[in-house]
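Novice: Before I ask anything, let me first share the structure, which is written out below as structure tokens.
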Amino acid sequence: MIIVPEREIADLMTREAAFDAVEKIFGAMAAGDAYNFPVVREAIGHEDALYGFKGGFDRAGLTLGLKAGGYWPNNLETKNLINHQSTVFLFDPDTGRAKAMVGGNLLTALRTAAASSVSIKHLARQDAKVIGMVGAGHQATFQLRQALEQRSFEKVIGWNYHPDMLPNIEKVATEAGLPFEAVELSGMAEADVIISITSSFNASLMADHVSPGTHVACMGTDTIGKQEVEPALLQKATVFTDEVAQSISIGEAQHAVGQGLISEGDVHQIGAVINGTHPGRESADQITLFDGTGVGLQDLAVAASVVDLAVAQGKAIEVDF
């Protein structure tokens, strides 16, 4: 079995490799060549932690496995560890034997950023100039850095419930040579692309905060009850997602579907746009929305990629198992 420790991931996995892996797996999902297993996610009654499993099988790439991990909200404050913790396990689909164990913390951040960037590539207007960030935590920096590579943006605007965190994303904008402006949520109307990346259980971004022609990537809702945007926004938009079943049950679409504003049939796989079987954006004033719930196959795709890189660069640890 191969082990790729967390400490090696930053030197192995690039944003480009993560983007390619995620784009490819979304296409495979839409083509029926890969599928996710049902998600297990539970409050364990200790340290206020949420723990779970996400897994799947990619028949095209012969990648089988799962990611185990979750959210420990006290880690950063009391243990000097990041709150999100995870490990990816890969198995040989021909024999069932354990194939690899891979540190999943940075990979999760990179694959989540890659997912919203894939949606921007395929759904945002080509002339998009202003990108808005709703949320300014640790993950927001990954989202913004990757998103800036998809269009010729000229300005970054941002809002966060705690304004003192906005320098996190201002730093990324400055590094990219772009001006940054802190705005109220109503100021998001200036944005051509909006990424929402919060852990909120109450909507922040309202339908009237979003202008015609905007692409919105909602990346924070992955649990029953979480909510980042007003359900009426999904009613106004053409909605895309990584996986429809997750979108309507634990993703942003759960609320709009629950209120009868949209139906399951109104939610489309982003992979269909990638494969050319869905037209995606059809007009300059169309609002598009990507509901990024996070699927196990994303984790497996980036983990398989990093295992290959680790072996090629001599950084993989091989053990008998």
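The values are calculated or read from the model by the stated rules, or taken from the named source; none is laboratory data. The shown structure was predicted, so the numbers you read here are calculated from the model rather than taken from an experiment. Here the Cβ positions follow ideal geometry from the backbone for every residue, glycine too, while neighbour counts run over all protein chains shown. Accessible surface is based on the protein model in full, side chains and every heavy atom, while ligands, DNA and RNA are left aside. Shrake-Rupley method; radii C 1.70, N 1.55, O 1.52, S 1.80 Å.
Novice: Hey, if you put +1 on the Cβ of every Lys and Arg and -1 on every Asp and Glu Cβ in the stretch 157-280, which of A189, H255, F201 ends up farthest toward the positive end of that dipole?
Specialist: H255
Novice: Taking every DSSP beta bridge that has both residues in the chain, what percent is antiparallel when rounded to the nearest 5? Please report the intermediate quantities before stating the final value.
Specialist: Details: 31 of 63 bridges.
Bridges in the chain are about 50 percent antiparallel.
Novice: Can you work out D for the stretch 225-309 in µm² s⁻¹ from Stokes-Einstein, where Rh is the Kirkwood radius over C-alpha pairs, the temperature is 25 °C and the viscosity is 0.890 mPa s? Walk me through the numbers on the way to the answer.
Specialist: On the way: Rh = 13.8 Å.
Taking Rh from Cα pairs, D becomes 178 µm²/s.
Novice: Separate question: With n ≥ 4 as the cut-off for DSSP H runs, can you work out [θ] at 222 nm for the chain, using -39500 (n - 2.57) per run divided by the number of residues, rounded to the nearest 500? Mind showing how you got there, number by number?
Specialist: Values: 11 runs with 107 residues, N = 321.
Calculated from helices alone, the mean residue ellipticity at 222 nm is -9500 deg cm²/dmol.
Novice: I would also like to ask the following. Once Rh is set to the Kirkwood radius over Cα pairs, what Stokes-Einstein translational diffusion coefficient, in µm²/s, holds for the stretch 1-157 at a temperature of 20 °C and a viscosity of 1.002 mPa s?
Specialist: Details: Rh = 17.3 Å.
My calculation gives 124 µm²/s for D.
Novice: Same structure, new question: Under a Cβ-Cβ cut-off of 13 Å, what is the net charge of the residues other than N168 that fall near it, where Lys and Arg count +1 and Asp and Glu count -1?
Specialist: Numbers: positive: R145, K171; negative: D164, E170, E175.
Counting the neighbours of N168, the net charge comes to -1.
Novice: With each pseudo-label sitting 7 Å past Cα toward Cβ, what's the V311-A284 distance in nm, one decimal?
Specialist: Placing both labels 7 Å beyond Cα along the Cβ direction yields 5.0 nm.
Novice: Could I ask something else about it? For the chain, take the convex hull of the Cα atoms, compute a quarter of its surface area, and give me that in nm², please. Can you show the working numbers first?
Specialist: Numbers: hull surface 64.5 nm².
So the mean shadow area of the Cα hull is 16.1 nm².
Novice: Putting +1 on Lys and Arg Cβ atoms and -1 on Asp and Glu Cβ atoms, find which of I131, F89, A115 reaches farthest to the positive end of the dipole of the stretch 1-146.
Specialist: In the stretch 1-146, that residue is I131.
Novice: Using only Cα atoms, what is the ratio of the radius of gyration of the stretch 151-200 to 2.2 N^0.38 Å?
Specialist: Working: Rg = 10.7 Å, N = 50, 2.2 N^0.38 = 9.7 Å.
The reported ratio for this selection is 1.10.
Novice: Take the Cβ-Cβ distance between M165 and F201 as r, set R0 to 25 Å, and report the resulting FRET efficiency rounded to the nearest 0.05. Write out the running numbers ahead of the final one.
Specialist: On the way: r = 18 Å, r/R0 = 0.74.
Rounded to the nearest 0.05, the efficiency is 0.85.
Novice: Now a separate question. Hey, how many Å between the Cα centroid of the stretch 169-199 and the Cα centroid of the stretch 247-309?
Specialist: Using only Cα atoms to place each centre, the spacing works out to 22 Å.
Novice: Still on this model: Give me the accessible area of L64, 1.4 Å probe, in Å² rounded to the nearest 10.
Specialist: We get 50 Å² for L64.
Novice: Same structure again: Could you pull out every residue, at least 5 positions away or on a different chain, whose amide H is within less than 5 Å of the one on I3? Hs are placed 1.01 Å off N in the peptide plane, and Pro or chain starts have none.
Specialist: M101, I317, E318, V319
Novice: Return the subset of K54/K315; K79/K171; K54/K99; K24/K67; K79/K315; K79/K226 for which the Cα-Cα distance in this structure is over 21 Å, preserving the input order. Mind showing how you got there, number by number?
Specialist: Numbers: K54/K315 26 Å; K79/K171 26 Å; K54/K99 17 Å; K24/K67 19 Å; K79/K315 28 Å; K79/K226 26 Å.
Over 21 Å Cα-Cα: K54/K315; K79/K171; K79/K315; K79/K226.
Novice: Would you mind classifying the stretch 82-142 by shape? Square roots of the alpha carbon gyration tensor eigenvalues, ordered a ≥ b ≥ c; an a/c under 1.5 is rounded, otherwise it is prolate if a/b is larger than b/c and oblate if not. Don't jump to the answer; show the numbers that get you there.
Specialist: Values: a/c = 5.78, a/b = 1.86, b/c = 3.11.
Oblate, because a/c is 1.5 or more while a/b does not exceed b/c.
Novice: Another one. Distances over 23 Å make up what percent of all Cα-Cα pairs in the stretch 105-256?
Specialist: Values: 3081 of 11476 pairs.
Counting pairs separated by more than 23 Å, the tail of P(r) holds 27 percent.
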